[in-house]
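Structure record follows, encoded as structure tokens.
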Amino acid sequence: MTIFVLLMLAGTLALGADDVLKRKYLREGMDEQILLGISWFGGGLLLLIPLFIFGIPEIKSGFWSAFFATTFLNVVSQNIFIRAFKIADASLIAPLRLLIPPIVIFTGFLVLGEVPTITGALGILTTIAGLWLLLPSGGNDSGVEERAALRQGMIFGIMGSILFAFSFPFDKKAVVASSGIFFSSLVLIAVGILTIAGSMIFFKNSRISFFRDAVRWRRSLVLVSLAGGIGSFLTAQALGYSLAAYAASMKRLWSLWTVILAGKFLEERDLKRRLVATLIMLSGVAITAIWG
């Protein structure tokens, strides 16, 4: 459990930084397909370095079916979620991942046969309650167009979160059948390549501007690749130390770090409300980790 918590704390912090960097570069005009495709592909390539050092693990039965399932789901869900980040603030979209833990209770049972305890489920629900408070109240000072954009962003965020919940048990199944670093490197590379290929095939503007923008944003893309690659590896590695439903709850720390970092570096608002929500969320995490 100690290893699980440490891996999740470090991994979700890196993923929170990845969220904030993506929102920052999207606000500055980077194309979301280029950002998602290259950052995932680059993160996967970076993970090949320690993979070659420590060696390729034994690939057990069930790995490839889980890998293909989660790759397909991530291609769709990540492209939907990056669109949500383009439309709305990180502090609004990131907490929508709170939808994942309750859904994972069912997907974890269907895919992995895992049944959480009553106390563990209570911890998950408490975490969700805290994360729900992170959602801004909306206010009345927004214009019609801004409110419409926020609603659209939230719809994309909810759709992506539902798909994340279905991919999560397959993530764990693939990690258990191989290793966190092997699975993370392969899925990052696969999703990156498929996103880039899809962008080239379906969007004419991407074919024209891809290499130009990749060179222009090269330093930013390297930074995002580092944050995303490290975070994906650490959180995937942690999956081998807990039930999928509990790991999904702990991984919601990702949203917490995103909100805190977004408030600090992107000057997004309502910090006091988020701090209260943080305490509630952390109590839920503690219930799950200690008594679940």
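The values are calculated or read from the model by the stated rules, or taken from the named source; none is laboratory data. Everything numeric here is computed off the predicted structure, so don't read it as measured data. All Cβ positions, glycine included, derive from the backbone under ideal geometry; neighbour counts span all protein chains shown. All accessible areas refer to the heavy atoms of the entire protein, side chains included, with ligands and DNA or RNA removed. Shrake-Rupley method; radii C 1.70, N 1.55, O 1.52, S 1.80 Å.
Structure summary
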item	result
Condition met for residue 83 (open to solvent by 40 Å² or more (accessible area, probe 1.4 Å) and not aliphatic (A, V, I, L, M))	yes
Residue within the stretch 159-172 that is surrounded by fewer than 19 Cβ atoms within 10 Å (Cβ to Cβ), charged (D, E, K, R) and either modelled with pLDDT under 90 or over 27 Å from residue 241 (Cα atoms) (or both) present	no
Hits in the stretch 24-41 (condition: in a helix (DSSP H, G or I) and open to solvent by 20 Å² or more (accessible area, probe 1.4 Å))	24, 27, 32, 33, 38, 40, 41
When residues of the stretch 176-204 are limited to those that are in contact (Cβ under 8 Å) with a residue 24 or more places away in the chain and over 30 Å from residue 239 (Cα atoms), the one surrounded by the most Cβ atoms within 10 Å (Cβ to Cβ)	199
Residue check, residue 109 aromatic (Phe, Trp, Tyr) and surrounded by fewer than 22 Cβ atoms within 10 Å (Cβ to Cβ)	yes
Search result, residues across the stretch 42-62 that are assigned to a helix (DSSP H, G or I) and either aliphatic (A, V, I, L, M) or farther than 20 Å from residue 219 by Cα (or both)	45, 46, 47, 48, 49, 50, 51, 52, 53, 54
Breaking point among (1) touching a Ser or Thr at 6+ places or on another chain (Cβ under 7 Å); (2) of a type outside the set (Val, Ile, Thr); (3) surrounded by fewer than 22 Cβ atoms within 10 Å (Cβ to Cβ), for residue 209	(1)
Only one of 279, 253 that is open to solvent by 90 Å² or more (accessible area, probe 1.4 Å), touching a residue at least 24 places away in the same chain (Cβ under 8 Å) and either farther than 22 Å from residue 85 by Cβ or among the aliphatic types (A, V, I, L, M) (or both)	279
The stretch 7-33 residues that are β-branched (Val, Ile, Thr), paired with ones that are assigned to a helix (DSSP H, G or I) and surrounded by fewer than 18 Cβ atoms within 10 Å (Cβ to Cβ) (beta carbon under 7 Å, 6 or more apart)	20/265
Residue match in the stretch 55-65 (condition: within 21 Å of residue 238 (Cβ to Cβ) and crowded, with 23+ Cβ neighbours inside 10 Å)	no
The listed residue being more than 27 Å from residue 195 (Cβ to Cβ), of a type in the set (A, V, I, L, M) and assigned to a helix (DSSP H, G or I), out of 105, 80	105
